[in-house]
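Asker: Quick one: structure below, then a few questions.
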Amino acid sequence: MTNLTSVPGADVVPAPAAKSAGRKPSTKREVNAFTGLAHIGLVFWALVTAGPLIWVVLASFKTNTEIFLGKPFALPQSFSFQTYVDAWSEAHVGRYFFNSVFVVLLSTAGTMLLGSMAAYVLARYRFFGNRFIYYLFVSGLAFPTFMALGPLFYILKNMGLLGTYTGLILVYIAYSLPFTVFFLAAFFKTLPYEIEEAATVDGASHTRKFFQIMMPMARSGLVSITIFNIVGQWNQYLLPVVVISGPGSDQKLLLTQGIAQISVSAGYHAQWSTLFAALTLSILPMIVVYAIFQRQIQAGLTAGAVK
Amino acid sequence: MRHGKYPFIIGFLVVPVALYCTFVVAAYIQSFQLAMTSWSGFGAIKYIGFENFQKLWNDDLFWKSLRHNLFLLILLPIVTIAIALVFAFLLNVGGSQRGGVTRGVRGSKAYRIIFFFPQLLALAIVAVIFGRVFGPDKSGMLNGLFPDSWSPWLFMADERWAMTCILVVLIWQAIGFYVVLFSAGMGSISSDIYEAAALDGASRFTLFFRITIPLLWGTIQVAWVYLGIAAFDAFAIVNIMTVDRGGPNGATSVLSLMIYRNTFEFSQVGYASAIGVVLFFLTLTFAALTLRVTRRESIEA
């Protein structure tokens, strides 16, 4: 990174001294002005980013009257957590939240297990049909998910999986496989063959080699893509809307669906503070997780785009 | 070495391939097939050839939706990439110069952390938040910030501006991700190159246009494709945030919403599949075009 090279004594870098000595003051002023402008721009965007989120938190403590007064960033007159209690139990944010946690835990685990198995075999074994299966998976990247909504719905219906978490988890896994396989296959290809050969000589079975040698060696890639899948599946909206539908699905909604529904009913009943509390409850865990793992999360989410 | 190879391969592949074929491949194949039918979701399937596509050709809402997708397709990548490049550049080389070594601004890490956060929020939740931010009365954040003497802006309820609001929200969410992505790319550009250019008296603007952008071209290409794909989607945000879902008066309808509504609300699965097929070819054309048009100009770092 360029911004780490503040070597003490860097000032002594010889070359420019003689040539630019004459115009140094003006250059410096230009630089300071530039840095100042840079900070203004950056602070502005930081405010634009954080502003709506801070506003949501503030509004969650306000009464409807206060909300309609304007002055969005004024502090609330009193801090009561009643709106949070309402949001958690009456608007069922708590239930939606744990529904999401449950589904994403299982589906990410399943995606990683099945995805790495497929990727490993496709990356490191030669057999008839290898390329065909690989490209079958990768071609899934080219198709927009919502293109096949109807058929997906009826496939699930015919299998009796509509409105079930089993169905949703299987669908999550299936739609996460293209990218997972694509990414991990590339990753497994880069791992050295020597250790694997040594293990073969020692009589390790293929399955054992995979779980005890290759998986640990691929840890960094697995971590990135796990984070990628957790975030992607946690944020899904379209697939749960299609799968968790029909009678009796009210109890089963995921967080994204649930918040969208609360937003609609808040509009009818003018219970805005409950909506804001619900939003805060769904944002806060993300902030906590992000505060702890921000480096890994940034790396994981951008991993897909950096070749 | 060959001992047990095939049972192992089959054992490892069978479940993922079966799942993928059942829920993804079969669904896509069926949507091509259903595009040729008038299926409503129930009863017998009747093939009608290309009638759905003819109907699409004469459907005003389809053209309107397509225009909205193209609006996003052009503006979302351009604006996001431009702003993200500038911020990434400021973060990496916007700081003071010391003996020819240009450094990032102070606090660049904190900025990056804040900018990136919206990426972690579900688009659905962002849509709910901004539905209120753009609230058409004093309870909306922006109208609340405006002076009391102004009459409230309608934002999403105004046909002329509703699409722009959607664009703004998508940009708001995307920028941080691309700042981090481009920062990583800029970090891997050798500082020697910047130093050498700085010694030659290059200004920051020259550095930006002559060094940073050409060396980042590959990453920018990827960003363009990603943002383009996001522009073809936008379902969550339109479905949740817009007035009347796609309104007012179709002013924010997009293709993904049309597919959803035709499938689940208007019982026109065949017609929805036809839109899906069109969308598929649009996405493919877009990705191929982007890669072709931008290929020549790439420079190896």
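Asker: Using alpha carbon coordinates only, what is the Rg to Rh ratio of region A:162-307, with Rh defined as the Kirkwood radius?
Answerer: Here the Rg-to-Rh quotient is 1.12.
Asker: Apply the Kirkwood formula to region B:102-182: the hydrodynamic radius equals the inverse of the mean of 1/r over all pairs of different alpha-carbon atoms; give it in Å with one decimal.
Answerer: Final number for the Kirkwood radius of region B:102-182 is 14.4 Å.
Asker: Which residue, chosen from B:M163, B:P147, B:F209, occupies the Cα position most advanced towards the positive end of the dipole of region B:87-224, where the dipole is computed from +1 (Lys, Arg) and -1 (Asp, Glu) charges on Cβ about the Cα centre?
Answerer: B:F209
Asker: With +1 on each Lys and Arg Cβ and -1 on each Asp and Glu Cβ, how big is the dipole of region B:56-295 about its Cα centre, in debye rounded to the nearest 20?
Answerer: Computed charge dipole of region B:56-295: roughly 640 debye.
Asker: Which whole number gives the average, over all residues in A:48-54, of C-beta atoms from other chains lying within 10 Å of the residue C-beta?
Answerer: Shielding by partners across A:48-54 averages 5.
Asker: Whole Å is fine, so just give me how far the alpha carbon centre of region A:77-114 lies from that of region B:223-297.
Answerer: So the two Cα centres are separated by 29 Å.
Asker: Continuing with this model, one more query. Please identify the DSSP H helices in chain B that span no less than 18 Å along the helix axis (Cα) and have a mean Kyte-Doolittle hydropathy of 1.0 or more. Write down the numbers at each step before the final one.
Answerer: On the way: long enough: B:5-20 (23 Å, 1.66); B:60-93 (49 Å, 1.74); B:162-187 (38 Å, 1.95); B:217-233 (24 Å, 1.05); B:269-295 (39 Å, 1.53).
Helices meeting the criterion: B:5-20, B:60-93, B:162-187, B:217-233, B:269-295.
Asker: Work out Dmax and Rg for the protein assembly as shown from the C-alpha atoms and quote the Rg first, both in angstrom.
Answerer: 26.3, 87
Asker: Could you sort the peptides A:253-260, B:25-32, B:71-78 by per-residue average Cβ neighbour count (10 Å cutoff), highest mean leading? Walk me through the intermediate numbers first.
Answerer: Numbers: A:253-260: 25.5, B:25-32: 19.4, B:71-78: 17.9.
With the highest mean Cβ count within 10 Å placed first, the list reads A:253-260, B:25-32, B:71-78.
Asker: Evaluate peptide A:137-144: per residue, the Cβ atoms of other protein chains within 10 Å of its Cβ; return the mean as an integer.
Answerer: Mean shielding count: 6.
Asker: Kindly identify region B:1-74 as rounded, prolate or oblate by the Cα gyration tensor criterion: order the square roots of the eigenvalues as a ≥ b ≥ c, call it rounded if a/c is under 1.5, otherwise compare a/b with b/c, prolate if a/b is larger, else oblate.
Answerer: Taking the square roots of the gyration eigenvalues as a ≥ b ≥ c, region B:1-74 is oblate.
Asker: If I build a Gaussian network model for chain A, linking alpha-carbon pairs within less than 10 angstrom, which residue out of A:W55, A:W234, A:W272 has the largest mean-square fluctuation?
Answerer: A:W55
Asker: Further, regarding this structure: Looking at region B:210-268, which chymotrypsin sites (Phe, Trp or Tyr not before Pro) are in a loop (DSSP not H, G, I, E or B) and have at most 15 other Cβ atoms within 10 Å?
Answerer: In loop regions of region B:210-268 (DSSP not H, G, I, E or B), the sparsely surrounded chymotrypsin sites (Phe, Trp or Tyr not before Pro) are B:F266.
Asker: Among B:L227, B:Y271, A:P144, pick out the residue whose Cα is farthest towards the positive end of the charge dipole of the protein assembly as shown, where Lys and Arg carry +1 and Asp and Glu carry -1 on C-beta, about the Cα centre.
Answerer: B:L227
Asker: Let me know the charge dipole size of region A:158-221 about its Cα centre in debye, to the nearest 20, where only the beta-carbon of Lys, Arg (+1) and Asp, Glu (-1) is charged.
Answerer: 200
Asker: Return the average number of partner chain Cβ atoms within 10 angstrom of each residue Cβ along peptide B:268-279.
Answerer: So the per-residue partner count for this stretch is 3.
Asker: Given charges of +1 on the Cβ of Lys and Arg and -1 on the Cβ of Asp and Glu, with all other atoms neutral, how large is the dipole of the protein assembly as shown about its Cα centre, in debye to the nearest 20? Could the numbers behind the result be given before it?
Answerer: On the way: 40 positive and 25 negative charges, 247 e Å.
The calculated dipole for the protein assembly as shown is roughly 1180 debye.
Asker: Give the order of B:D233, B:D148 when sorted by the count of other beta carbons within 10 angstrom, beginning with the fewest.
Answerer: Sorted ascending by nearby Cβ count, the order is B:D148, B:D233.
Asker: Picking from B:A202, B:A251, B:A231, which is most flexible by a Gaussian network model of chain B using Cα springs under 10 Å?
Answerer: Taking springs between Cα atoms under 10 Å, the residue moving most is B:A202.
Asker: Scan around B:T37 for amide H atoms under 5 Å from its own, H built in the peptide plane at 1.01 Å from N, and keep only partners 5 or more places away or cross-chain.
Answerer: B:I48
Asker: If you don't mind, there's one more thing I want to ask. Ratio of Rg to Rh for region B:56-295, alpha carbon only, Kirkwood?
Answerer: Result for region B:56-295 is an Rg/Rh of 1.05.
Asker: Let me make sure I get this right: for region A:93-139, a, b and c are the square roots of the gyration tensor eigenvalues over alpha carbons, sorted descending. Under 1.5 in a/c it's rounded, otherwise prolate if a/b > b/c, else oblate. Which is it?
Answerer: prolate
Asker: Return the sequence-ordered ³J(HN,Hα) values of region A:195-208 in whole Hz as given by the Karplus equation 6.51 cos²θ - 1.76 cosθ + 1.60 applied to θ = phi - 60°, using x for Gly and Pro.
Answerer: 5, 4, 5, 4, 5, 4, 4, 6, x, 6, 6, 4, 4, 5
Asker: Okay, next question. Projected onto the charge dipole of the protein assembly as shown (+1 at Lys/Arg Cβ, -1 at Asp/Glu Cβ, origin at the Cα centre), which of A:I297, A:F97, A:F210 gives the Cα projection farthest towards the positive end?
Answerer: A:F210
Asker: Another question, if that's okay. Taking only the C-alpha atoms, wrap a convex hull around chain A and report its volume per residue in Å³ as a whole number. The partial results should precede the final answer.
Answerer: Details: hull volume 74.6 nm³, N = 307.
Enclosed volume per residue, from the Cα hull, is 243 Å³.
Just so you know, all these numbers are worked out from the coordinates, no wet-lab data involved. Given the structure is predicted, the values throughout are model-derived calculations rather than measurements. Positions of Cβ are generated from backbone atoms using ideal geometry, with glycine treated the same way; all protein chains shown enter the neighbour counts.
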